[in-house]
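The values are calculated or read from the model by the stated rules, or taken from the named source; none is laboratory data. Every value quoted in this text rests on a predicted model; they were computed, and no experiment measured them. Here the Cβ positions follow ideal geometry from the backbone for every residue, glycine too, while neighbour counts run over all protein chains shown. Just the protein is used for accessible areas: all its heavy atoms, side chains included, with ligands, DNA and RNA removed. Shrake-Rupley method; radii C 1.70, N 1.55, O 1.52, S 1.80 Å.
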Amino acid sequence: MTDATAPDGDRASRRRRRWRIALLSALIAVVVLTTAVTLGGWLYGRSLDHNVKRTDVFAGLPDNRPRDVVQGAMNVLLMGTDSRDPAGGGNARSDTLMLLHLTADHDHAYVISIPRDTWVSVPPLTGANGGGGSDPAGGTMAKINAAYAWGGAPLAVRTVEKYTGVRIDHVVLIDFAGFQQVVDALGGIDMQVDQTITSRFPPHRVFTAGTHHVTGAEALDYVRQRYQYPDGDFTRERHQQEFLKDLMDRAANQGWLTDPVKLNGFLQAVTRSVTVDSGFDLVGAGLQMRGLRASDLTFLTSPSTGTTWIGDQNVVMPDTARAASLYRAVADDSVAQWLAVNPTPSLIPGD
């Protein structure tokens with residue numbers, strides 16, 4: 001059965017699975033691609049920079065945005081979508097969000113996953129997407145992923161800034177189609193499967209516990225799974241972040257950053273998939289991030305008190321006090337100090 005003939009619910013379910021996976025490549029684009037374009041040479045990096053699709057995400061945002069971060073630090077909002085149209089709208093949703101915070105000394109980055117069902121206040125649409133009229137959507141409490149559906153990337157930025165109090169410097173969106181190409185450009189990756197499961201999606205692969213070398217299609221299939229686990233989306237988030245570290249380790253250990261052919265294949269795969277804000281300088285970011293490796297990333301999840309039902313919606317309720325203190329630390333570039341006082345296990349064991 002194709003998407004064109006499948007029932008609406010089935011198509012929507014497949015789209016949601018794609019959106020969650022797509023964000024992983026966005027994070028790769030920020031941390032790995034920026035490093036690679038720098039190592040690949042300034043002129044070559046500039047040519048790739050010009051090839052990346054861009055959108056004016058910040059147009060029409062209000063003046064009362066959060067203050068700038070500490071000089072030298074950087075905050076990047078990573079969003080996955082199956083639509084290359086940054087205007088979003090319709091049924092398009094960015095069902096996975098990550099906030100990447102690069103410290104002012106450029107020695108470490110913190111990646112905070114914001115669950116797609118987080119119950120937040122979504123600002124009114126007016127002005128969020130450059131429009132001047134009044135729209136029926138927005139201006140209400142909703143799951144955080146509704147913002148992209150109602151007002152595209154601009155409203156998503158406004159919503160995240162309102163929720164976190166952190167000013168977003170850059171935005172990266174990536175579509176689903178590029179995910180497998182990015183993995184396959186590296187010749188696959190080694191991935192740890194923590195328990196034996198059978199995929200819920202055709203061709204219903206069986207993933208046995210242990211370490212396996214997987215292709216892009218296999219990796220995508222594995223990190224889609226959630227219904228086999230008691231905590232569903234939270235385990236899937238952890239698997240997605242484990243995948244990112246596996247990919248970065250593969251890049252560093254196999255030496256592909258110094259292999260012109262492999263490097264070019266990877267960069268072309270990513271640049272065909274990614275869309276960034278109009279002011280994002282990939283080479284400049286690469287210079288800031290060139291020393292980062294997988295061990296320099298700390299993965300967290302936005303503090304919550306668990307799930308509950310609001311009407312007919314199952315939502316994630318924020319832990320308001322802990323979330324506020326964490327995001328103040330992001331704005332102040334003091335996440336390491338926050339973690340020392342608020343020990344929070346990384347989503348990835350061993351960090």
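Find the accessible area per residue for the stretch 173-224; the probe is 1.4 Å, ligands and nucleic acids are left out, and the unit is Å².
Here the residues of the stretch 173-224 average 42 Å² of exposed surface.
Taking amide H atoms as placed 1.01 Å from N in the peptide plane, list the residues 5 or more away in sequence, or in a different chain, whose amide H sits under 5 Å from that of Val122.
Amide H neighbours of Val122, under 5 Å, 5+ apart: Gly139, Thr140, Met141, Ala142.
Convert each backbone phi in the stretch 325-331 into a coupling constant with the Karplus relation 6.51 cos²θ - 1.76 cosθ + 1.60 (shift: θ = phi - 60°), then list the ³J(HN,Hα) values in order as whole Hz, x for Gly and Pro.
5, 5, 6, 5, 5, 4, 4
Ignoring ligands and nucleic acids, what accessible area does Leu125 show with a 1.4 Å probe (Å², nearest 10)?
The accessible area of Leu125 comes to roughly 10 Å².
Please give the FRET efficiency for Val341 paired with Arg65, using the beta carbon to beta carbon distance and R0 = 25 Å, rounded to the nearest 0.05.
Working from the Cβ atoms, E equals 0.35.
What is the local net charge at Val70, summed over the other residues whose Cβ is closer than 13 Å to its Cβ (Lys, Arg +1; Asp, Glu -1)?
With Lys, Arg at +1 and Asp, Glu at -1, the net is -2.
Give me the net charge for the shell around Arg205: Cβ to Cβ below 13 angstrom, other residues only, Lys and Arg +1, Asp and Glu -1.
0
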